[in-house]
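What follows is a short report on a single structure.
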Amino acid sequence: MIQTVSTTPFADQKPGTSGLRKKVRVFAQPNYAENFIQSVFDAVQPEAGSTLVIGGDGRYHNRTVIQTAIRIAAANGYGRVLVGRGGILSTPAASHVIRKYGASGGLILSASHNPGGPDEDFGIKYNIANGGPAPEAVTNAIFARTKVIDRWLTVNAADLDLDTLGTQTVAGMTVEVIDSVADWADLMETLFDFPAIRAAVAGGLTMAFDAMHAVTGPYAIEVLEKRLGFAAGTVRNGVPLEDFGGHHPDPNRVHAHELFETMFGAHAPDFGAASDGDGDRNLIVGKGIFITPSDSLAMLAANAHLAPGYAGGLAGIARSMPTSAAADRVAEALGIPAFETPTGWKFFGTLLDAGKATICGEESAGTGSDHVREKDGVWAVLLWLNILAARGESVEAIARAHWAKFGRNYYARHDYEALPKDVAEALMAALEASLPMLPGKAFGPLTVETADSFAYDDPVDGSHSANQGLRVLFVGGSRIVLRLSGTGTEGATLRLYLERYEPAGGNLDADTDAMLGDLIAAAEAIAGIAARTGRTAPDVIT
Ligand code: VG1
Ligand code: CO
């Protein structure tokens, strides 16, 4: 029996870069999650009997919202729900499950790299039938619906057992609790040369993987320890916890510092990696060398043909605008197109569906390919392992050879977190107003070539996305980019992206901070971050 519950709209349910993210206490308000989920279903209007995938990164509040979502799905005419065991699905595994089982879409419950717990963050994201994040047309329709919603639908049913594999029924709708690890791991075996990696491991290749008590633990243990033969204990912090052990499950120098200490220490293994809360990001560290995500994308693209799944070559490479141009140089050398999209994986979907791009990446530690429609942290780790096994060289040797051939894009991102919203918005507005005056101006040794607010016209569906970040490009290929985060839950986060290109034959072995000093000074002169915010240093440098 379908029940109709009357409600009133919440004004703040606009999806950001990757779904709706708020504090748990916001989501826990009566009707809050219900309104959003019902708005999704009202916007996408599933055909009766459709399949929906539901899973999350296992953080606090995950199980509560999953039980609610299942009842709302039953009342909205879905015929089948596939839910990960324990309510857990990594984001890339959810994408794979949607595609493999022909679902009409999925709800992914995650706030990714943000901390979890009663006082921390939660999130809900809708993915479409191709397995990828809903494009802007869909998220705009969802937001429009949240502003006028006056009822949500549910059924009277008890909570389900989410921990036992198998099928149950809720008001006539089938609910299958599935083990997504095996499906996803099988997909990996079709892409990578597992026997070659196993042989390298048997020959002494060692690694450390930090799952950060987040979703990738079971996936990484399955492929790295069970299928590839790395020693037990290779996967650290492999048990998913509701509060990620009290840490930020964000694989960067700050939050994954233990892995850095291992990789820069006396007994470093050959290869180090980590992933984030929902398993879509990756951090790559060699013995004594950090590979920036932008460089990793370029190096993976340049070597992807060494993996069986990409032996036929790449159709194209796509990167988000703030990601360094290192991948563009690889695309040029390979004679394939390079695409520059706005921040957020949702912009890669059309390119992947159309077969225009095979590999995509973001500077925020996201890399993936056309095997799913999300970024995939452990996939990137496996592609690196496949390349290490095929080349028989160290991470450092591969990086140095890459820079010697393509030149090096020195790169860093500076984050200023929890700024007052009005201060951050005023900074961006003032900078945007000043852009037309910048070309030709010199800041130390740097001269501005062009400056603009990035807008994107999707070459496949023709959609237009404006205001995707302010960029100042200098003569010679260096640049700064500023944008406000669309995933934070407190105040505003300002991201300053810094990139300096050093051509082959140039200074390829310098300290990144030193190489970016002129750009940091130029950014301050141009945007006045310290002057306007009172912050003299970023909170996080990645
Ligand atoms: C950030 C990253 C962006 C990424 C997004 C979702 O967005 O910059 O590259 O796609 O997070 O990643 P923003 O708007 O805060 O800069 V995840 O792993 O949080 O799903
Ligand atoms: Co994530």
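The values are calculated or read from the model by the stated rules, or taken from the named source; none is laboratory data. Quantities reported herein were computed from a predicted structural model and do not represent experimental measurements. Cβ placement follows ideal geometry from the backbone for every residue including glycine, while neighbour counts extend to all protein chains displayed.
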(request) Have a look at Leu482, Leu498 and point out the one that is more than 30 Å from Ala137 (Cβ to Cβ), within 16 Å of ligand 1 (Cβ to nearest atom) and in a strand (DSSP E or B). (result) Leu498
(request) Test Gly132 against the stated conditions and say whether it is more than 16 Å from the chain's Cα centre (by Cα), outside the structural domain of Asp353 (by TED's automatic domain parsing) and at pLDDT 95 or above. (result) no
(request) Among what's in region 316-374 and is more than 16 Å from ligand 2 (Cβ to nearest atom) and of a type in the set (S, T, N, Q), pick the residue that is farthest from Ala301 (Cα to Cα). (result) Thr350
(message) Within region 461-469, does at least one residue satisfy the condition of being within 19 Å of the chain's Cα centre (by Cα), within 14 Å of ligand 1 (Cβ to nearest atom) and of a type outside the set (Phe, Trp, Tyr)?
(response) yes
(request) Please give the number of the condition Gly55 fails out of (1) crowded, with 24+ Cβ neighbours inside 10 Å; (2) under 30 Å from Gly469 (Cβ atoms). (result) (2)
(request) Report those strands (runs of 3 or more DSSP E) wholly inside region 61-130 carrying at least 2 residues which are away from ligand 1 (no atom under 16 Å from the Cβ) and small (Gly, Ala, Ser). (result) 80-88
(request) Test each condition in (1) farther than 15 Å from Ser453 by Cβ; (2) surrounded by 15 or more Cβ atoms within 10 Å (Cβ to Cβ); (3) modelled with pLDDT of 95 or more for Gly488 and report the one that comes out false. (result) (3)
(request) Could you name every one of the helices (runs of 4 or more DSSP H) located completely within region 375-476 that has at least 1 residues being of a type outside the set (A, V, I, L, M), crowded, with 21+ Cβ neighbours inside 10 Å and not assigned by TED's automatic domain parsing to the domain that holds Ile526? (result) 377-391, 395-406
(request) Examine region 2-20 for a residue that is in a helix (DSSP H, G or I) and either of a type outside the set (S, T, N, Q) or touching a Gly at 6+ places or on another chain (Cβ under 7 Å) (or both), and state whether such a residue exists. (result) no
(message) Could you tell me how many of the residues in region 202-213 are buried (at least 17 other Cβ atoms within 10 Å of the Cβ) and either out of contact with any Asp or Glu (no Cβ under 6 Å at 6 or more places or on another chain) or free of Cβ contacts under 8 Å to residues at least 24 places away in the same chain (or both)?
(response) 7
(message) Residues that are within 22 Å of Asp295 (Cβ to Cβ), more than 16 Å from ligand 1 (Cβ to nearest atom) and not basic (Lys, Arg): list the strands (runs of 3 or more DSSP E) wholly contained in region 173-285 that include at least 1 such residues.
(response) 207-210, 271-275
(message) Contact list please: Cβ distance under 6 Å, first residue in region 354-367 and part of a loop (DSSP other than H, G, I, E, B), second residue within 16 Å of ligand 2 (Cβ to nearest atom) and β-branched (Val, Ile, Thr), pairs at least six apart or on different chains.
(response) Glu363/Thr323
(request) Report yes if some residue within region 375-388 is among the aromatic types (Phe, Trp, Tyr) and within 16 Å of ligand 2 (Cβ to nearest atom); otherwise report no. (result) yes
(message) Quick test for you: out of Arg71, Arg59, Arg63, Arg80, pick the one residue that is under 19 Å from Asp250 (Cα atoms), of a type in the set (D, E, K, R) and either out of contact with any Phe, Trp or Tyr (no Cβ under 6 Å at 6 or more places or on another chain) or without any contact (Cβ under 8 Å) to a residue 40 or more places away in the chain (or both).
(response) Arg59
(message) Which condition from (1) within 16 Å of ligand 2 (Cβ to nearest atom); (2) farther than 22 Å from Ser324 by Cα is the one that Glu261 breaks?
(response) (1)
(message) Pull out all pairs, ordered by first then second residue, where Cβ-Cβ is under 8 Å, the residues are six or more apart or on different chains, the first lies in region 301-313 and is farther than 21 Å from Glu332 by Cβ, and the second is part of a helix (DSSP H, G or I) and small (Gly, Ala, Ser).
(response) Ala307/Ala390
(request) Those residues that are more than 11 Å from ligand 1 (Cβ to nearest atom), touching a helix residue (DSSP H, G or I) at 6+ places or on another chain (Cβ under 9 Å) and hydrophobic (A, V, I, L, M, F, W, C), I need them from region 337-374; list them, please. (result) Ala338, Phe339, Ala357, Ile359, Val372
(message) I'd like the full set of residues that are in a helix (DSSP H, G or I), loosely packed, with under 14 Cβ neighbours inside 10 Å and over 26 Å from the mean Cα position of the chain (by Cα), limited to region 501-516.
(response) Ala514
